[in-house]
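Participant: Handing you this structure, nothing more for now.
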Amino acid sequence: MRPPEFQKTSFSSRKDNWEERGSRVLLGNYTREPLVFEKGRGSYLFDSAGVSYLDFLGGIAIHVLGHCHPGITHAIQKQAQRMVHLSNLYYNPAVVDFAEILVEKTFADRVFFSNSGTEAVEAAIKLARRYGAQTGRFEMISMEGSFHGRTLGAMTLTGQPKIREGFGPLPPGFLYAPFNDFEKVRATRTQGTVAVIVEPVQGEIGVIPAQKEFLQKLREWTREEDILLILDEIQTGMGRTGTLYAYEQYEIVPDILVSSKALGGGLPLGATLTTDRLSQFLPPGSHGSTFGGNPVACAAGAALLRALFSEDFLPERVRTMSAYLWDGLMALKGRHPSVIREVRGKGFMIGIVVNASAKEIKDRFREERVLVNATGPADEVIRLLPPLSLSYDETDDFLSVANRIFSALSGVGT
Ligand SMILES: Cc1ncc(COP(=O)(O)O)c(C=O)c1O
């Protein structure tokens, strides 16, 4: 006989009621929608009753080729049968193969793998500090409104006071400057500044692209002053903005680039990319991660990159399809100017700025079985992160739902 306590705490075998059960056992740090999803295919998610939702969020910028892309699923299955985890004490073909592709396709000579965006940022902070240590510098400048992660270093780097609130004392050496204002960034610099970090498109604060001139001036100045330029391409990477990484469109080359989100084809993976010269500042023993560069995640990432290039997603298909979506959105803006203030972003990273509660609009989309996200400091931005594999029909479906919702708000008929 089992002791009564064991029976009392044994888990339920029921296969329903996930929302209520989840709300009892999961930590309450997320605001979850009243939805339970069990399956994803392409641009759609399916709830427990099998009802489909058009997914314009993709796990928050993860599924660039939709859910369960056959090439990625196959690569995961194949690698899982061979080896799931090794350690960084040895070499593994899947890990080396993926690093080689990243090196071939980017400015980088070297890759450090971790498991998430915030860890990729931590590695960049440590690399910058090690580099600065030779000249007694450790300060980093980040942009107001930026988002770099939730661990102590990445959170302190994040230029949004509300994200840091209540977690002090915070580590020293982090300065903030207005985004897209080169002169102010330059004025923020002290003799202790070793690096500047920027997102090519600020996602979390409401999808705000960096101006080309801003990033180019920043690159020129940081190079002249021996300050490292770090690009946070965690959200913009893997083709989301139309090129593998957005820096290509800005015609600049960073010293360090942090990547994650879509990088692992849906599995947890982060990467800190850098040059041969800088990589020497993190010698053996200076940094590490047990799971970083997991073979299954690397195999999935490699399959994703191969699909992106071999199936002509980059840049051709993304350019064509995102232009089709943007045309539709601009037409909506023209039809409903009282509700839609602006459409901004790059490629498939889009913010619709509204004169209404973005959260309420997001709920209306959900009622129409379309998933979008509400963001912005004043609840004024609808964020769209559709898959790059979006079809014309799916785009039309999205636009007709959006038109219905905006018509109801603007009073202008469909
Ligand atoms: C630009 C950017 N940097 C860093 C992060 C943190 O990534 P993660 O949540 O994987 O730690 C995010 C996540 O939203 C992000 O968008």
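What follows draws every value from the coordinates through simple rules; no lab data is involved. Fair warning: this is a prediction, and the values are worked out from it, not measured in the lab. Here the Cβ is made from the backbone with ideal geometry for all residues, glycine too, and neighbour counts use every protein chain on show.
Participant: Of all residues in region 282-330, how many are free of Cβ contacts under 8 Å to residues at least 12 places away in the same chain and hydroxyl-bearing (Ser, Thr, Tyr)?
Facilitator: So the answer is 2.
Participant: Also: Just the residues that are within 16 Å of the ligand (Cβ to nearest atom) and either outside any helix (DSSP H, G or I) or of a type in the set (D, E, K, R) (or both), please, taken from region 101-140.
Facilitator: Answer for region 101-140, where residues must be within 16 Å of the ligand (Cβ to nearest atom) and either outside any helix (DSSP H, G or I) or of a type in the set (D, E, K, R) (or both): PHE112, PHE113, SER114, ASN115, SER116, GLU119, GLU122, LYS126, MET140.
Participant: Select from region 161-203 the residues that are surrounded by 16 or more Cβ atoms within 10 Å (Cβ to Cβ) and assigned to a loop (DSSP other than H, G, I, E, B) and write down the one among them that is farthest from the ligand (Cβ to nearest atom).
Facilitator: The qualifying residue farthest from the ligand (Cβ to nearest atom) is ARG189.
Participant: In addition: For HIS148, work out the one condition from (1) part of a loop (DSSP other than H, G, I, E, B); (2) buried (at least 19 other Cβ atoms within 10 Å of the Cβ); (3) more than 13 Å from the ligand (Cβ to nearest atom) it doesn't fulfil.
Facilitator: (3) is the only condition that HIS148 fails.
Participant: Considering only region 298-351, how many residues are of a type outside the set (Asp, Glu) and at positive phi?
Facilitator: 2
Participant: Does at least one position in region 56-72 carry a residue that is small (Gly, Ala, Ser) and surrounded by fewer than 13 Cβ atoms within 10 Å (Cβ to Cβ)?
Facilitator: no
Participant: Hey, could you check region 251-265 for residues that are surrounded by 24 or more Cβ atoms within 10 Å (Cβ to Cβ) and among the aliphatic types (A, V, I, L, M) and say which is nearest to the ligand (Cβ to nearest atom)?
Facilitator: VAL258
Participant: Only one of LEU89, LEU170, LEU127, LEU175 is over 20 Å from the mean Cα position of the chain (by Cα) and free of Cβ contacts under 8 Å to residues at least 12 places away in the same chain. Can you tell me which?
Facilitator: LEU89
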